[in-house]
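Any read-out appearing in this document is the output of simple, stated calculations on the displayed coordinates, not a laboratory observation. Note that the structure is a prediction, hence the values are computed from the model and not measured. Cβ sites come from the backbone with ideal geometry, for glycine too, and all protein chains shown count toward neighbours.
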Amino acid sequence: MTHKKRRLPSRRESGDAYDQKVMQSFLTPGGRLKTLPSQEKKFLAVLRYAAQLFKEGKTYPEKVVNKKLATLHEDTASLRRGLVEFKLMQRKNGIYTRI
């Protein structure tokens, strides 16, 4: 399976230069995450990057969320839970919305 190479988010999109530095460290040249960061601050940077896969206000069934997150890393559950826990997405009845 081939993956499109993702561009790094601009400062405006990611929040700051810290996020860019984290993403440069954790992304492979093919645009997938090498690993999920264990440090919360770095994990948040990864979650902000992952949130860009979703349009604000649009709803997504869990299956679609998993499919999109799988393009970044196989541990879609951790990414999905993190997006909800850190209020980047909300979940209601198995439907997710980027907020």
Would you point out the residue of region 76-97, among those that are under 11 Å from the mean Cα position of the chain (by Cα) and not in a helix (DSSP H, G or I), that is nearest to Glu40 (Cα to Cα)? Leu88
When both residues are 6+ apart or on different chains and their Cβ atoms are under 9 Å apart, which pairs have a first residue that lies in region 87-99 and is within 10 Å of Pro61 (Cβ to Cβ) and in contact (Cβ under 8 Å) with a residue 40 or more places away in the chain, and a second that is assigned to a strand (DSSP E or B) and of a type in the set (Val, Ile, Thr)? Tyr96/Thr59
Residues of region 28-48 being over 24 Å from Lys92 (Cβ atoms) and either assigned to a loop (DSSP other than H, G, I, E, B) or among the aromatic types (Phe, Trp, Tyr) (or both), in sequence order, are Thr28, Pro29, Gly30, Gly31, Arg32, Lys34, Thr35, Leu36, Pro37, Ser38, Gln39
Taking the conditions exactly as written (within 13 Å of the chain's Cα centre (by Cα), crowded, with 17+ Cβ neighbours inside 10 Å, farther than 19 Å from Tyr18 by Cα and in contact (Cβ under 8 Å) with a residue 40 or more places away in the chain), does Leu69 satisfy them or not? no
